[in-house]
1. Hey, could you check the stretch 311-336 for residues that are closer than 27 Å to residue 237 by Cβ and touching a residue at least 24 places away in the same chain (Cβ under 8 Å) and say which is surrounded by the most Cβ atoms within 10 Å (Cβ to Cβ)?
2. From the residues in the stretch 31-53 that are outside any helix (DSSP H, G or I) and touching a helix residue (DSSP H, G or I) at 6+ places or on another chain (Cβ under 8 Å), which one is nearest to residue 10 (Cα to Cα)?
3. Which of the numbered conditions does residue 267 fail, given that it passes all the others? Conditions: (1) more than 30 Å from residue 76 (Cβ to Cβ); (2) touching a helix residue (DSSP H, G or I) at 6+ places or on another chain (Cβ under 9 Å).
4. Of the residues in the stretch 270-290, how many are in contact with a helix residue (DSSP H, G or I) (Cβ under 7 Å, 6 or more places away or on another chain) and farther than 25 Å from residue 308 by Cβ?
5. Being in contact with a helix residue (DSSP H, G or I) (Cβ under 8 Å, 6 or more places away or on another chain), surrounded by 16 or more Cβ atoms within 10 Å (Cβ to Cβ) and closer than 15 Å to residue 162 by Cβ narrows it down to one of 216, 227, so name that one.
6. Going residue by residue through the stretch 163-174, is there one that turns out to be closer than 21 Å to residue 26 by Cα and out of contact with any strand residue (DSSP E or B) (no Cβ under 9 Å at 6 or more places or on another chain)?
7. Identify all residues within the stretch 135-155 that are in a helix (DSSP H, G or I), in contact with a helix residue (DSSP H, G or I) (Cβ under 8 Å, 6 or more places away or on another chain) and under 27 Å from residue 214 (Cα atoms); write none if there are none.
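The values are calculated or read from the model by the stated rules, or taken from the named source; none is laboratory data. This structure is a prediction, so every number in the text was calculated from the model and none was measured. Cβ sites come from the backbone with ideal geometry, for glycine too, and all protein chains shown count toward neighbours.
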């Protein structure tokens, strides 16, 4: 698929309609107004991130997978909307944990409203996610509703375990992280909520059958790793188009594959300088991140990360074909493959 066609996936009518339906469902099911001013502010904050520009590809993957397996969008819409809600509440907390400045082109929620209020709004959205899933009882049978909830529980466990790994590396100022450690973190933090769970949910709702624990895992892990490495690269090169502060990962001190390669490749003197800068406080990293960028280019760490991302991208596409070739050709199947290609080759 040519690059311009890959980027056009976001403008496909089905993708745009899926996003519209998900956005509409979220806005309809979230609380509107309250007579108490403080609670009314909470309701406004809960709608803040869901109202910002976003691609909502995870929810579309769920809906398209459901269709590819013979299901209908209406059966999966609340579940897909819950996936979007999951991303929004976890991003609120993630921005606090990472001390991020921007999210989706605007100030992070804790910068708009203070950290305590942002954490509470994230908690409220988390609760609403489970409330959304409870509404599935109106359109799915009780057994399928519980199986969907179980998939969310597993996704939550995997994602928070991966997030804890990444946060711990920064908190404990660890530098002896290996590439394999990073890949495990990606599988947990990124793969499950980006790909594995959306696919599993769409399949589950369409077929009304419990899934084998390995279904979609190999495909999703490869895609999740490629997605995360690509995300790390974009954080350094995409600028304002990326929607977050430029080089935010360096300023936050995140241990990315790029940084791991840099530390493994750098001379003793350069490594000491890197560790001194990144091991300092945020102000030091903000003042000196360009030095790290220069060293990243010196040691070709971006090129290395790109090559690894390409390897996992190819593997993900191969796994996709193994899984979906058994299904009849359909528009939803084609769009799923195009989304997969977009995820691993996007430039924002």
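1. The qualifying residue surrounded by the most Cβ atoms within 10 Å (Cβ to Cβ) is 316.
2. Residue satisfying both the conditions and the ranking: 47.
3. The single condition residue 267 does not satisfy is (2).
4. Residues meeting the conditions: 4.
5. 227
6. The answer is no, given that none of the residues of the stretch 163-174 is closer than 21 Å to residue 26 by Cα and out of contact with any strand residue (DSSP E or B) (no Cβ under 9 Å at 6 or more places or on another chain).
7. Result: 136, 137, 144, 145, 147, 148, 149, 151, 152, 154, 155.
To keep it simple, each residue is scored yes or no on (1) within 19 Å of residue 252 (Cα to Cα); (2) in a loop (DSSP other than H, G, I, E, B).
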| site | (1), (2) |
| --- | --- |
| 169 | yes, no |
| 174 | yes, yes |
| 184 | no, no |
| 190 | yes, no |
| 193 | no, no |
| 197 | no, no |
| 200 | no, no |
| 214 | no, yes |
| 222 | no, no |
